[in-house]
1. So Asp93 ticks every box in (1) more than 26 Å from Ala243 (Cα to Cα); (2) not assigned by TED's automatic domain parsing to the domain that holds Ala178 but one. Which box is left unticked?
2. Counting only residues that are of a type in the set (S, T, N, Q) and farther than 20 Å from Gly80 by Cβ, which one in region 15-47 is farthest from the chain's Cα centre (by Cα)?
3. From (1) out of contact with any Gly (no Cβ under 7 Å at 6 or more places or on another chain); (2) over 16 Å from Asp272 (Cβ atoms), pick out the condition that doesn't hold for Pro137.
4. Which one of these does Trp78 not meet: (1) of a type outside the set (Asp, Glu); (2) surrounded by fewer than 19 Cβ atoms within 10 Å (Cβ to Cβ); (3) closer than 22 Å to Gly273 by Cα?
5. May I ask you to say which residue of Gly82, Gly129 is more than 13 Å from the chain's Cα centre (by Cα) and not assigned by TED's automatic domain parsing to the domain that holds Met218?
6. Go over the candidates Thr121, Thr103 one by one and state the one that is surrounded by fewer than 20 Cβ atoms within 10 Å (Cβ to Cβ) and part of a strand (DSSP E or B).
Amino acid sequence: MTRPTPPSPPRPLRLGTRRSPLAMAQAREARDRLVAAHGWSEDAVEILPVLASGDRIQDRPLADIGGKALWTKELDAWLGEGEIDFAVHSMKDVETVRPKALTIAALLPRADVRDVLIGATRLGTIPRGARLGTSAPRRAAQMLNLRPDVKIVGFRGNVATRLAKLQAGEADVTLLAAAGLERLEQTGVGHPLEPGEWLPAPAQGAIGIECRTDDETMRGWLSAIDDAPTRAQVMAERALLLALGGSCHSPVAVLTNGSDMLTMRAAIFSPDGIFRVEREAEFAAGDDDAAAELARRLLAEAPEAVSTYFSGPPM
């Protein structure tokens, strides 16, 4: 049954976002898609930026200071207090378990999922002993698995900050998400790594929009811009993560293709990159049990050097 179209908003809708340039670009994309879908004027949505803890604290690895919640907790509080009507997130930064009072009501069409290598043309041309600047366990472990001679140095900050650090010589190469560069109109930077040789992060390239679960009107408006193939892929990847019991310390990479039928290729690593366990599965969209089964297969085959970084399925 088709859900009836909710009435136009009686006041500007308040969209919460982080303040970083990339987050603001994602908020503008979300606003533009929403107003276009309903034939509203641009001023029907007001963008309200918040300084997230993850943006404020830049001198320590994310995993050491609270994990992914540092990207969402301020926006969660604003939603709960009614300060905003909906919030926009990079889905790879959203915790796997979310408050029941909040709902991911829309996922925008997924952008390029690849990572971009900056400072070398491809993995094989990185000089021996070069320093990779990253704070992501997945990127560090996957690089050490493929290039054990590379040294890892801590690197945090937004896109401009990390590019500046690279330019200043704090590292020789770094990796950034192609989707983020595209949204910042910096597509000429670096060289994309094909997923056949380099797996992306879970939910990379996906923008999620969250609102209060009990706000039926807002959920109705947002349903108009929910992209079904992106939802199928991202929710499957989040089901895999949940079953792995991973944290910000857990090196995990995954690539999912398809819409009605999904093909998921996933890998988990030891942080030093010595061990890599990789498997693939095909299943129907919405079959979270199949994604969880793939996670269980990975954990069953993983040596302790890998499995110790995953707690397994929730009890």
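The values are calculated or read from the model by the stated rules, or taken from the named source; none is laboratory data. If you're wondering where the values come from, they're calculated on a predicted model, not measured in any experiment. Please note: Cβ atoms are built from the backbone with ideal geometry, for glycine as well, and neighbour counts cover all protein chains shown.
1. Failed condition: (1).
2. So, considering only residues that are of a type in the set (S, T, N, Q) and farther than 20 Å from Gly80 by Cβ, the one farthest from the chain's Cα centre (by Cα) is Ser41.
3. (2)
4. Among (1) of a type outside the set (Asp, Glu); (2) surrounded by fewer than 19 Cβ atoms within 10 Å (Cβ to Cβ); (3) closer than 22 Å to Gly273 by Cα, Trp78 violates only (3).
5. Going through Gly82, Gly129 in turn, just one is more than 13 Å from the chain's Cα centre (by Cα) and not assigned by TED's automatic domain parsing to the domain that holds Met218: Gly129.
6. Thr103
Quick grid of which residues meet (1) touching a Pro at 6+ places or on another chain (Cβ under 7 Å); (2) under 28 Å from Ala236 (Cβ atoms); (3) aliphatic (A, V, I, L, M); (4) not assigned by TED's automatic domain parsing to the domain that holds Asp93:
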| position | (1), (2), (3), (4) |
| --- | --- |
| Arg162 | no, no, no, yes |
| Gly169 | no, no, no, yes |
| Glu182 | no, yes, no, yes |
| Glu185 | no, no, no, yes |
| Trp198 | no, yes, no, yes |
| Thr213 | no, yes, no, no |
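This table checks each residue for (1) modelled with pLDDT under 95; (2) assigned to a loop (DSSP other than H, G, I, E, B); (3) within 30 Å of Glu293 (Cα to Cα).
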position	(1), (2), (3)
Thr161	yes, no, no
Gly188	yes, yes, no
Pro195	yes, yes, yes
Leu199	no, yes, yes
Gln204	no, yes, yes
Gly208	no, no, yes
Gly220	no, no, no
Ala232	no, no, yes
Glu237	no, no, yes
